[in-house]
Amino acid sequence: PPMSRLIWHRRDLRLRDNELYHSGAHKIYSLFIFHPSDYSPRTTGISDEKFGHIYGVTHGPHYTRRLLDAVHALRHNLQSLGGNLIVRAGDPLEVIPNVANELRVEEVAWSEIPGHYEYVQSKRLKDIFLHDARYRRAVHTTCSLTLIHPDDLPTDRGTWERLARPKEKRKKRTTKRIPDASMQVETINASEVASNLVNISCERFEGMPSIMGDFRRAARTSASVRELLDEPNPQCIAKELIEIHIGDIPSLKKLSQPLIDSAVPILGCLPKEMIQKLVKSANEIPNNIGIDVEEQFTRHLRNFVRNHASSADRSLCDVSDNDSSTLSVPLALGVLSPRQVYNCVKHQQCKLENGPNAANPNDLNWLISHMEMRDFFLFDSFRTGLSAHRLLPTTPAHKPNVSREWLPLRDNQDAFVRWASGHTNLPLVDAGMEELVTTGYTSNRVRQNLASVLTKDLQLDWRLGAEFFQLTLEDHCVAANTGNWRYFAGVGGDPKNRHFRTVSQAWRYDPDGRYVQKWIERLRDSDEYGIEGVLRPWGFCKDWGAPIVPPETQLTWKDRERLENEGRITAGD
C-alpha cells in the first residue's frame, strides 16, 4: 500500500463505509473542490431556433445548500479525528495535481460518479497522473454510490441475457469478455500497474439490460452486497496540516450569485424574478452548519426503518408524515451509502423474525428494492454515457404505435414558463412547483405528475424538464433524474406509455386536499365547495383561470364518466 494518499471527495461526503479510507496508507489527506463552473450558467446541449443555446446550471441553490451542510460536517468529523478537510475553489484538473505535489503524496484516490462531463473529467485527471511526468503518481478509483459494486456485475452480453431471462431460449454465440473489469481499459498499459482503477466505461456495460426489471434480476443473481466498512482508523488521518493552507468553505450566497447575475436567460426563457425567488428560498432555509449531518442521517435511517418503514404510504402526494424515507438527499451526496440502508433493513428484518413484533419483515423489502432501482439508473447512466441526453433514443424501446412528437420551445415559451412557475391552473401541478421552488423537494408522486404534464400533455422537450429539476432539486442526481425523465418521456428502456391524469391523481393521492391547500394559498378557503372545489376550482371560482390543457384530459375515463353523470368526481368512492 502507498505510504500517503490524497482523497478527492465528490459525492461520497462521509467517513463511514467509505472504501477510500481503507487503503492501508499511513497518511491520508482529504480534499473537496468547489468548481466555479458548477454554480454558473452552462450550456445544456439543448438548442432552439429562437433562443439559441439553452443554458442551465449544474448545482442549483437547494442542492448547494445541502452540499454545504455535508462539506461542513465532513470537515468537523475529520477534525474530530485530528485531521482536516482541505477546501479549494477552482478546476479539479488544475487543483488536484498541484495539491498532490504540494503534499508529496504517493497516490490520489476518488470515487467515480455518473454523468458524461464527470466521466470525461475523471478520465483527464487519470491521464495527468499517469502520463504527465510533472505529476506522475499512482491512482485509485472506486464506485461508492451503488449498492452493488460494478466489479461484481456481469462483464459480457451473454451472461447478462442469461441471468436477466433464464427461461428464454437463445442462440449460442461467442461472447466478448472485457479483461479485468476493475481496470479502465482505455487508460491502462504495462507501465501503470501501480494503479487500481474501477471500470465504469460505456464498453464495460455493453449488454447490460435497458429494462429495469431485467437488470435487477441479473444483478441479484450475479452479485451480492459487499460488507460494510468501519470508520477510518484515526491513526491514518493526516494530522497537523501546517504544511498546506486548509482553505475556507464558501457561503451559499456567494455560490448562488453567478446564477442571479446571469446575463443569459436560464432554460431559454425563465423570468429573472423566478430565479431570484428560487435563490431567495434556498437562502432563507436555516442551514445545518455545525450539525453532524452524517450522524443525523444515520440516526434518521435507523428510526425510520424501526418505526415507520413498514407502514409508510409512499404513494401519497404529501409524504411529510413519515410516509417517505427522505433518504434521497444523503444518498445523492454520499453522506449515506446504499449499503448502510441495506444493512439497516436486514438488521431490522432479522429482529422482527426472531422477536414478538407484529410487523412483517417483508414490509421493509421496498427500501432494498429502491436501492436496486437506484442502481439501475446509476449503471444505466454509465452504460449510455452522453447518448442518455438525446431527445430521441437511438433505438426506440417504446411500442412502435406510440408516436413521439416534441414541440419546439420557440412556439411554446408561454406554456413552459407557466409549467415551471406553477401557473398551469392545475392545482396538483402548481402546488408541486411551489413546494419544489420553495423547499427543493417534492414527493415522487408529485414529480411524476409534473413530468407527465410536460411530456405527455404539453409535449415539450423532456430535457427541459430534467434541467429544471436539476436547477431546483435539493437531492439532484444526474443518473436518477435523467433516468426517470427518460422513463416518463418514453425514450428510455421501458416500453410503457405513462400518462398521469393530474386531477384523478390528486383525488386518489391527496383525497382531503391537504397537500394542494398547503401550497396554494387561494385554495385554503375553499371549504364552501368541499374537495370538489380543490380538485377542479375552475368549476367553482369565477376568477380561476382556464387550465393550461383541457381539464377533461386530466381525468381518467372512470372519473370523467362520473363527472358527466353525477356532476362530481368524488361520489361513491
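The values are calculated or read from the model by the stated rules, or taken from the named source; none is laboratory data. None of the values given here were measured: they were computed from a predicted structure. With ideal geometry, Cβ positions are generated from the backbone for all residues, glycine too; neighbour counts draw on all protein chains shown. Heavy atoms of the whole protein, side chains included, go into the accessibility calculation; ligands, DNA and RNA do not. Shrake-Rupley method; radii C 1.70, N 1.55, O 1.52, S 1.80 Å.
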**Study point:** Computed FRET value (nearest 0.05) for Y117 with L392, which takes r as the C-beta separation and R₀ as 22 Å
**Key:** 0.55
Practice item. Working from the alpha-carbon coordinates of the stretch 59-131, get Rg over Rh, Rh being the Kirkwood radius. Key: 0.99
Study note, to complete from the structure: Rounded to one decimal in Å, the inverse mean reciprocal Cα-Cα distance for the stretch 313-365, i.e. its Kirkwood radius, is 12.7 Å
Check your understanding: What is the Cα centroid distance between the stretch 1-55 and the stretch 360-383, reported in whole angstrom?
Key -> 24 Å
**Study point:** Listed residues W110, W519 arranged by accessible area, highest first, probe 1.4 Å
**Key:** W519, W110
Study note, to complete from the structure: For the stretch 253-299, the percent of accessible surface on carbon and sulfur atoms (probe 1.4 angstrom, ligands and nucleic acids excluded) is 57 percent
Point to revise | Pairwise label distance in nanometres, Q413 with K272, each label 7 Å out on the Cα-Cβ vector | key: 1.5 nm
**Study point:** Alpha-carbon centroids, the stretch 407-427 and the stretch 434-467: separation in whole Å
**Key:** 11 Å
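Determine one quarter of the surface area of the Cα convex hull of the stretch 273-314, which equals its mean projected area, and express it in nm² to one decimal.
The orientation-averaged projected area of the Cα hull of the stretch 273-314 comes to 4.8 nm².
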Review point. Once the mean 1/r over all distinct Cα pairs of the stretch 281-392 is inverted, what Kirkwood radius in angstroms do you read off?
Key: 16.1 Å
Check your understanding: Over the stretch 415-500, what percent of the accessible surface lies on carbon and sulfur atoms, probe 1.4 Å?
Key -> 45 percent
Point to revise | Per-selection Rg to Rh, the chain - Cα, Kirkwood hydrodynamic radius | key: 0.97
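Taking only protein heavy atoms into account and a 1.4 Å probe, give the accessible area per residue of the stretch 358-496 in Å².
Roughly 34 Å² per residue, with all protein chains present.
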**Study point:** Fraction in percent of alpha-carbon pairs per bin - 10 Å, the stretch 457-563
**Key:** 13, 34, 35, 18, 1
Review point. In the P(r) worked out for the stretch 403-458, what percent of Cα pairs fall beyond 18 Å?
Key: 31 percent
Point to revise | For the stretch 118-150 and the stretch 501-570, distance of Cα centres in Å | key: 52 Å
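May I ask you to order 426-436, 376-386, 404-414, 247-257 by the average number of other C-beta atoms within 10 Å around their residues, highest value first?
So the order, starting with the most tightly packed, is 426-436, 376-386, 247-257, 404-414.
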Review point. How large is the accessible surface per residue of the stretch 1-97, computed with a 1.4 Å probe and reported in Å² as a whole number?
Key: 32 Å²
Check your understanding: What FRET efficiency would be calculated for the residue pair R299, D156, taking the C-beta separation as r and a Förster radius of 45 Å, to the nearest 0.05?
Key -> 0.60
Exercise for review: In nm, give the distance between the simple-model label positions of N444 and Q235, each being 7 Å from the Cα along the Cα-to-Cβ direction.
Suggested key: 4.4 nm
Study note, to complete from the structure: With a Förster distance of 45 angstrom and the Cβ-Cβ distance between S224 and R508, calculated FRET efficiency to the nearest 0.05 equals 0.75
Exercise for review: Could you provide, to the nearest whole Å², the per residue accessible area of the stretch 229-335 with probe 1.4 Å?
Suggested key: 51 Å²
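Which value results when the Cα radius of gyration for the stretch 393-529 is divided by 2.2 N^0.38 Å?
Here the answer is 1.07, to two decimals.
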Revision key, fill the gap. The number of Lys pairs in the stretch 188-334 whose alpha carbons lie under 21 Å apart, excluding pairs fewer than 8 residues apart on one chain, is 7
